[in-house]
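Here is the structure we will look at.
The values are calculated or read from the model by the stated rules, or taken from the named source; none is laboratory data. Just so it is clear, the structure is predicted and the values come from calculations on it, not from any experiment. Note that each Cβ is placed from the backbone with ideal geometry, even for glycine, and that neighbours are counted across all protein chains shown.
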Amino acid sequence: MIERNVIDRIFETTRIVDVVEDFVSLKRRGANFVGCCPFHNERTPSFMVSPAKNIYKCFGCGKAGNAVNFVMEHEQLGYPDALRYLAKKYGIEIVEKEQTPEERLLNDRRESLMVVSAYAARMFQENLHENREGQAIGLSYFKERGFRDDTIKKFELGYCLETRDAFSKKAVKDGYKEEYLVETGLSIKGENGVFDRFAGRVMFPIHSLAGKVIGFGGRVLKVDKSKNVGKYVNSPESEIYHKSKVLYGVYQAKNSIVRNRKCYLVEGYTDVISMHQAGIENVVASSGTALTGEQIQLIKRFTENVTVMYDGDAAGIHASLRGINMFLQEGINVKALLLPDGDDPDSFSRKHSATELEEYFAQHETDFIRFKAQLLLDDTKGDPIKRAEMINDVMESLSLIPDPIKRAVYLKEAAEMFEMEERMLTATADKMQQKRAADGQRRRTASQPTPEMQSGAEGVPPPASEQPLIDAEQQKAQEMARAEREIIRLLVNYGNEKLFDRNEETGEEELSVAAYLINEIRADEIELQHPETKAIFEEYEQIWQSEGRMNENHFIRHSNPAISQLTAELLTSKYELSVIYQKKGMEIKNEEEKLKDVVPMNLMAFKQKTVMRLLKNLSGEMQEALLKGDTAQYETLFTQFTALTEVKKQLAKTLGKRTL
C-alpha cells in the first residue's frame, strides 16, 4: 500500500504535459496543448491538455482525467500501478506497507499476467549473464551480432534454457501460478504437465509504451532439420499482448521520434537494435507481421512523418506497398528508403556511423510516388497496358490522401512524371474517391437491420407509439443527469467564489457559491441520484462544513478514478475567448463574472428536474395505493403531489417557462 504523503508528492510533482507527451505528439494552442486522442481514431486533434489545471480532456470521445487517470487508461493499469509508474518517471521513492489478504485479492488478472511477464524477462536476463549455457550460447550469439553490453541491457535481451521445462518448473517453484504462465504463452500445457514455449531460444522482450514487458519474441539458434521449427516464435495473443497493436522498440524509440519528428519503420528485432546501437533511435519494427491500422495509429501519436526501409528484396517490397496506402489513408507523410543490394537495416547500420547513416538516409529517401512509380515502371517493360495499370495503381494511392492540398501537389508531380495532363489524373483520382465513398455507403446500408429484423417477427413492424415513449423517458433521465452535473460543475469550479455580499440592512452574511448551493439543496432535502455526482457533493459538503473552503485540487487528485475523471471533465471547456475580442476592445463577460445569475438559475433548473422526477414517482405510488384500496395512503400522497405541483409552477414561472 502506498502511503498518503507519497501519493500527494506524486501528484504535486507530476506534470500532465510531460506524461502525455510520452505517448502523444502535442502542439501548443494558447494556454493549452492539443493532439490526436490516443484513445480513439481521429484525424483532427480534439485531445486537449491543460498544464494549468494538470488535466486532459478529449472532446471527441469524452475521456478526461489527471495524469494518473491517463496512465491507467492508456496502459490499462490499476490505480496503485499507475502511481508507481509516475513515481518511477519522476524519481520518487515508494516505501509500501505490506498488503492485507483482502488487498492482495484485489490484484486483477491483467496485473498478474504483467507480473509473470516481468518475472520471465528477469529470468531470461539472468540466464544470459549468469548461466554457463546462456553465456556460451545466448550471449555468444548477441556478441557475434556485434551487440554491446549496454545495448543488450537497454533492450533487456535474454536466453531461455534448452531444457524443455526448466523455466516453467522454476516459475512454479517461485510461486507463480501455472494458469498465468500458460495464459501469457510462456508455457504450454501438455499431457505430462507444462513445458517452455521458448526453450533454447534467445529472447527479445516486447514492451508496452510504458516499458512493461507484455510479450516475447524468441529466436532458435540450433536448427534441427528433422523438425519443422520456425526461426522466430512470438508470444500468442493474450489479455496483455495483441500483436496487431504493438510495434517492437516503440518504448525505446518514442522520445527520439518526437524529438526528430520522424519514425523509421523496419521489419525485425535486430534491425531496430542495430540501428539504436549505431545512434539512430527513432526506429520501430512491425516484427514480421503485416502492418495494421492500430500500429499506424501508434506511430501517429508521435509523428506524421514515416520512412519505410527496404532491403532490396523485390517480392518483399511489392508486398509492403499495401502498407504505404494505409499510411496515406491516415494522412501520414510517408517516404521510402531503399538500402544497397545485400544489406538490411541490421547489417547496413553495423557498417556505418550515425552521421554516415543520416547522410545516406537524407540523400536516398524518396517520396512514395516516385518510389512506387519507378518500382512499377520496371515491371511494365514498354507494355502500354501494364503502364496504364501502373498509373491507375498510383492514382489509387493518391486518391487515399485525405488532405486536398497534399493530394493536389502529388497529382501535379505525377502528371509531370507520367507526361500526362494533370486534369485527367485529378478526374481519375476524384472518381476513385467517389467510388470508395459509394461502396462504403452501400456496405453500411446493407449492414443496417431491416424493419422485419427489428420487430423480431417477419412483416410485423414495431408499434409506432413505443419508441417515442422510450426516447422521452431517456431524454428526461439525460436532462436530470445534465442538471445534476451542472450543479457539481459550479461547485468544483467556483465553490470558493463569493456569490452574494454581506447585506447590512438584513444582516445576512456574505455567501459563497458552495454555501449557497449546499444550503439550498439540503434545505429542500434533495438527494443527488448519480453515484459520482452524489459522492462529490457529499464529500464537498463534509470538507466545506469543517474547513469553510475547498482545496481546488482535491477532487482532481481523488483516489477514486471515476471521481477524478468526472472532475477533469467538468473543469474543462472546449472553447477559449478569441484574441480578436480583446484587440477590438470588446467587453465580454466570462462565466465567473455572471455567477450571481448563472448559479441561481442552474439551481432552479436542477430543482425543477428533481420536482418532475418526484411527481412521476408520486403518481406511480398513488396508482398503487388506489389498486390496494389504501385510501389514507392515497390522500397523503395526493397532498404531497399537490404541494409539489405548486412548487413546479413557481419554478417554471421563475425560469420563464409555461406550465400546462
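Data overview
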quantity	calculated
Pick from region 180-208, criterion of a type in the set (D, E, K, R) and in contact with a strand residue (DSSP E or B) (Cβ under 9 Å, 6 or more places away or on another chain), ranking: nearest to Asp271 (Cα to Cα)	Arg201
Elements of type helices (runs of 4 or more DSSP H) in region 345-414, at least 1 residues being without any contact (Cβ under 8 Å) to a residue 60 or more places away in the chain and within 33 Å of the chain's Cα centre (by Cα)	354-364, 368-380, 384-399
Candidate set from region 279-294 (those that are crowded, with 22+ Cβ neighbours inside 10 Å and modelled with pLDDT of 90 or more); member that is farthest from Lys154 (Cα to Cα)	Ala285
Failed criterion for Arg502 (all others in (1) at pLDDT 80 or above; (2) closer than 19 Å to Lys594 by Cα hold)	(1)
Residue in region 78-89 that is crowded, with 17+ Cβ neighbours inside 10 Å, under 27 Å from Glu330 (Cα atoms) and not aromatic (Phe, Trp, Tyr) present	no
Top-ranked residue of region 49-60 - restricted to ones that are touching a residue at least 24 places away in the same chain (Cβ under 8 Å) and within 13 Å of the chain's Cα centre (by Cα), ranked as nearest to Phe23 (Cα to Cα)	Tyr56
Matching residues in region 510-547 - criterion: being within 23 Å of Lys596 (Cα to Cα), free of Cβ contacts under 8 Å to residues at least 40 places away in the same chain, surrounded by fewer than 14 Cβ atoms within 10 Å (Cβ to Cβ) and in contact with a helix residue (DSSP H, G or I) (Cβ under 9 Å, 6 or more places away or on another chain)	Arg522, Gln545
Helices (runs of 4 or more DSSP H) wholly inside region 13-114 that include at least 2 residues being modelled with pLDDT of 85 or more	16-21, 67-75, 79-89
Of all residues in region 31-44 being over 13 Å from the mean Cα position of the chain (by Cα) and of a type outside the set (Lys, Arg), the one that is farthest from Asn333 (Cα to Cα)	Ala31
Every residue from region 140-156 that is more than 15 Å from Gly249 (Cα to Cα) and either assigned to a loop (DSSP other than H, G, I, E, B) or touching a strand residue (DSSP E or B) at 6+ places or on another chain (Cβ under 6 Å) (or both)	Tyr141, Arg145, Gly146, Phe147, Arg148
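Table: residues versus (1) outside any helix (DSSP H, G or I); (2) modelled with pLDDT of 85 or more; (3) not assigned by TED's automatic domain parsing to the domain that holds Ala477.
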| site | (1), (2), (3) |
| --- | --- |
| Leu528 | yes, yes, no |
| Lys534 | no, yes, no |
| Phe537 | no, yes, no |
| Glu552 | yes, no, no |
| Ser564 | no, yes, no |
| Thr567 | no, yes, no |
| Leu570 | no, yes, no |
| Lys574 | yes, no, no |
